[in-house]
Structure formats: C-alpha cells, structure tokens
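Here the structure comes first, spelled out in structure tokens, and everything after it is commentary.
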Amino acid sequence: MFLQIAIAVIVALFFLGVRIIRPTHRGLIERFGKYRRFAEPGFHWILPFIDNLYLVNITEQMVDANKQEIITFDNLNASVDAQVYFKIRMDEDSVKNSQYSVNNIQSQIVSLARTTLRNIIGTMTLKSANSERGKINKGLYVTLIEETAHWGIEIVRTELKEIDPPKDVQETMNKIVKAENEKMAAIDFATAIETRADGEKRAEIKKAEGIRQAKILAAEGEAQAIALVNEAAEKYFVGNAQTLRKLEALEKALSSNSKIIVPSDKELINVIGEMAGVLPIRMNKDEK
C-alpha cells in the first residue's frame, strides 16, 4: 500500500513538473528565486514547488506611444502619435536582461518614445515636422536603440502615425493649399492661352511671308516678261515705235477674237508673219 502511494506521488510530481516551451518563447528557470538555467523550446521538467519557469515572448511586438500634445518651435500645439516595433533577442543573455535589467519593457518604451518625440518636434516648425517625417522617425529610432541597448531587445522600426495641427490652423492650411492650387491652375490656363496666341501669330507670319514671296515671284515673272518684250522690241522694232503700238493693239484684239482682218501694212505683216505665222487677207476693190 505504501509503495502504491509512493508511486502515485512520484507520478503526480512528475506531471506537475512537466513544461513544454513553444518556438515563440524562451524560458528562465529559477530555484528559490535564484536564476538556475535557460530553457530552449521543447520538453522540460522542473522540481514542483521548488523551481519556477518564466516564459519570455521573443516575437515582434508593437507598442503605441499614445497621442500627446507637443508645442512646436513656432508655438503651435500639434497632436502627435507614434508606434514602436521591437522584439526580445533569443539568446540567453538578452532574455535575462529583458527580465532582470528593466522593470517593464513596454511601458518604458512608451515613456522613452514620448519624451524623444517632444525633444525632436519641439525644435521644428509644424510645417517642417509634417514634411520631414522620415527625419523624425530616424531620430526616434536611433534614440531608442541607444537607450535600450542593455535591455536585451531589438528595436525593429518606428512609425510616426500622425502630426495633427489645431483645428483652426488646419482650416487655414487647407485654404492656403486651395488658393495655391487655384493660382497654379490660373497660371497653367494663361500659359496655354499665351502658347495658343503665339502659335496663331507664327502662323499669320508664315502666311504673310508666303503671300509676300508669291508677290515677289509674280513681280519677278512680270519683270522677266517685260524684259522679253523689251528684247523683242529692240530686235524687231528699233526706231519704229508706231509699228510697236499697232502690234500691241493687234495682241489685244487677238485675245478676244478668233478671226482678225489685218491691214496689209508691209512692215507689220512681215513682223506678224515671223512671230505668229499670220497671213494678210487682201481685199477686193469692191469690198473697199
């Protein structure tokens, strides 16, 4: 009977001391409040009522720095919120430091992040704080890494969620942005009109140049025609201006008549015969 009781007690103590650690955690085993050994993922057995196993989460965690009002360099109250992502390193020393070197990691990260944001944004204007979020994130990240170096944690990243100005300032900023957009639209419209007018002006200039060139060519053609007439006059009618005038009258008549009766002026007929092959028609005495 005693043996059975002993076996039952041993079995009970065995199951009471069984501990299973998942890959997402590491364990610290203490005996009577003193650190004894480090527990990796898997099966572990501890002495019931004597040893204690403390599990430590080594996965990535996020803490919110909580929204706070920060006075910027230009004396405006900005509502600022940020998030910090961190994880405890999985080696033994880091896990021990996360439990024995800092009281509460999450709450202290929040306090440190809030203080750092006030220090950074307090030296910036509201406009620069909104346009230089990367700079704020980097400053917060670097400060957290330096201040938590002995905590056994790794700061993964920091994210500035929002920087909201006071409501009246936000309304003013929206009006300014709207006015700037309207100004740019007006400038673009004026530029388009100017470009169009300039194009039309260049087209008119090209058209005028074309007309001018056409007139020049026409004038040159007429000059060449006059030169040819002068050349013909010099060749055929030297010293005989009266005959030239008769020939010009004949030319006008030929332009509107298909049949012409030409007086039998010997000199005129000779010239016409040479130039156009026109033969005189002799009239009978009765026709006269």
Would you confirm, using the coordinates I've provided, whether Asp81 is under 23 Å from Gln106 (Cα atoms) and within 38 Å of the chain's Cα centre (by Cα)? yes
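Tell me yes or no: at least one residue of region 22-33 is in a strand (DSSP E or B), free of Cβ contacts under 8 Å to residues at least 24 places away in the same chain, of a type outside the set (Asp, Glu) and loosely packed, with under 15 Cβ neighbours inside 10 Å. Spell out how you get there, then give the answer.
Start the filter on region 22-33 by keeping residues that are in a strand (DSSP E or B), which leaves 25-31.
In the following step, the residues that additionally are free of Cβ contacts under 8 Å to residues at least 24 places away in the same chain were identified as 31.
Those left that are additionally of a type outside the set (Asp, Glu): 31.
Now narrow it down to the ones that are loosely packed, with under 15 Cβ neighbours inside 10 Å: 31.
Yes: region 22-33 contains one or more residues that are in a strand (DSSP E or B), free of Cβ contacts under 8 Å to residues at least 24 places away in the same chain, of a type outside the set (Asp, Glu) and loosely packed, with under 15 Cβ neighbours inside 10 Å.
Have a look at Ile88, Ile20, Ile46, Ile70 and point out the one that is under 30 Å from Lys167 (Cβ atoms), touching a Gly at 6+ places or on another chain (Cβ under 8 Å) and not charged (D, E, K, R).
On the way: Ile88 fails: under 30 Å from Lys167 (Cβ atoms); Ile20 fails: under 30 Å from Lys167 (Cβ atoms); Ile46 fails: under 30 Å from Lys167 (Cβ atoms).
Residue meeting the stated conditions: Ile70.
Condition (residue is in a loop (DSSP other than H, G, I, E, B), touching a strand residue (DSSP E or B) at 6+ places or on another chain (Cβ under 7 Å) and exposed (fewer than 12 other Cβ atoms within 10 Å of the Cβ)) applied to region 42-56: is it met by at least one residue? Talk me through it step by step, then tell me what you get.
Kept after step one, since they are in a loop (DSSP other than H, G, I, E, B), are these residues of region 42-56: 46-50.
Subset that is touching a strand residue (DSSP E or B) at 6+ places or on another chain (Cβ under 7 Å): 46, 50.
The next check asks that each one be exposed (fewer than 12 other Cβ atoms within 10 Å of the Cβ); those that pass are 50.
Within region 42-56, one or more residues are in a loop (DSSP other than H, G, I, E, B), touching a strand residue (DSSP E or B) at 6+ places or on another chain (Cβ under 7 Å) and exposed (fewer than 12 other Cβ atoms within 10 Å of the Cβ).
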Evaluate region 92-114: report whether one residue or more is in contact (Cβ under 8 Å) with a residue 40 or more places away in the chain, within 24 Å of Leu160 (Cα to Cα) and outside any helix (DSSP H, G or I). no
Report, by residue number, each residue of region 125-149 that is farther than 13 Å from Ala82 by Cβ and aliphatic (A, V, I, L, M). Leu126, Val142, Ile145, Ala149
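Every read-out reported here was derived from the displayed coordinates using simple, explicitly stated rules and does not represent laboratory data. In this text the structure is predicted, and so the values were computed from the model without any measurement. Cβ sites come from the backbone with ideal geometry, for glycine too, and all protein chains shown count toward neighbours.
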